[in-house]
C-alpha cells in the first residue's frame, strides 16, 4: 500500500506543545505511505503590536519570518521526509492560510493539533474545526494525551 494514499501531507503547527505530536503523527503516516511532510505555520501578528514597536517597520516582517523559520527547523531537526514551507505572516485567519498551503502543495492529508473547545471557541470555532470543515482533503486532528494523575 506504499505510495498510494498520503504521499503529500501538510503538518500545520503552532508554538504549543501540540506541535511535536502533530509532526510525529504526520511523519508516521508519511513513513507508512512513503510520503513527504510539508511543515507549515501561519502566524497572526496582533494589531496591538505595531511593527515599529519591535524595530524599524521594514525589518519586522523579515525578522519574524526568520524567527518562525528557525522554530520550524528546530522542530524538524534530524528527521527525514520533511519540507519546511515558508510561514504565512500575512493572515488574520490561520485556518485559511493552512487551507491555501494545502492547496499549494497539493496535500492529500492535513494534520493539525486540536485546541481546547470552550468559551468563545464554541461560538467562533477553532482553527482545527474550520480546517476540517472547509478542507478539500482528509484532515487528522491530533489531541494531546490526557494528563495522568
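Condition test on residue 87, is it touching a strand residue (DSSP E or B) at 6+ places or on another chain (Cβ under 8 Å) and modelled with pLDDT under 95?
Numbers: touching a strand residue (DSSP E or B) at 6+ places or on another chain (Cβ under 8 Å): yes; modelled with pLDDT under 95: yes.
Criteria met by residue 87.
Could you pull out the residue among 31, 73 that is exposed (fewer than 13 other Cβ atoms within 10 Å of the Cβ), part of a helix (DSSP H, G or I) and either touching a strand residue (DSSP E or B) at 6+ places or on another chain (Cβ under 9 Å) or at pLDDT 85 or above (or both)? Write out each step before concluding.
Details: 31 fails: exposed (fewer than 13 other Cβ atoms within 10 Å of the Cβ).
Of 31, 73, the one residue that is exposed (fewer than 13 other Cβ atoms within 10 Å of the Cβ), part of a helix (DSSP H, G or I) and either touching a strand residue (DSSP E or B) at 6+ places or on another chain (Cβ under 9 Å) or at pLDDT 85 or above (or both) is 73.
Residues of region 88-115 being assigned to a helix (DSSP H, G or I) and either within 12 Å of the chain's Cα centre (by Cα) or more than 27 Å from residue 31 (Cβ to Cβ) (or both), which ones?
94, 95, 96, 97, 98, 99, 100, 101, 102
Within region 34-50, count every residue that is at pLDDT 90 or above, closer than 21 Å to residue 88 by Cβ and either part of a loop (DSSP other than H, G, I, E, B) or over 17 Å from the mean Cα position of the chain (by Cα) (or both). Don't jump to the end; show me each part of the working.
Initial filter on region 34-50 (at pLDDT 90 or above): 34-42.
Filter again for closer than 21 Å to residue 88 by Cβ, leaving 36-42.
Restricting the remaining residues to those that are either part of a loop (DSSP other than H, G, I, E, B) or over 17 Å from the mean Cα position of the chain (by Cα) (or both) gives 41.
So the count comes out to 1.
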Flagged pairs (Cβ under 8 angstrom, 6 or more apart or on separate chains; first in region 131-145, within 18 Å of residue 104 (Cα to Cα); second exposed (fewer than 14 other Cβ atoms within 10 Å of the Cβ)) are 136/103
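Against the condition in a loop (DSSP other than H, G, I, E, B) and either out of contact with any helix residue (DSSP H, G or I) (no Cβ under 6 Å at 6 or more places or on another chain) or under 24 Å from residue 139 (Cα atoms) (or both), how does residue 78 come out, does it pass?
On the way: in a loop (DSSP other than H, G, I, E, B): yes; either out of contact with any helix residue (DSSP H, G or I) (no Cβ under 6 Å at 6 or more places or on another chain) or under 24 Å from residue 139 (Cα atoms) (or both): yes.
So residue 78 fits the description; yes.
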Residue 17 passes all but one of the listed conditions (1) over 19 Å from residue 140 (Cα atoms); (2) modelled with pLDDT under 85; the exception is number (1)
So, residue 23, is that one under 22 Å from residue 130 (Cα atoms), touching a strand residue (DSSP E or B) at 6+ places or on another chain (Cβ under 9 Å) and either at pLDDT 95 or above or outside any helix (DSSP H, G or I) (or both) or not? yes
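The values are calculated or read from the model by the stated rules, or taken from the named source; none is laboratory data. Just so it is clear, the model here is predicted, and its values are computed rather than measured. Note: ideal-geometry Cβ built from the backbone for every residue, glycine included; neighbour counts use all protein chains shown.
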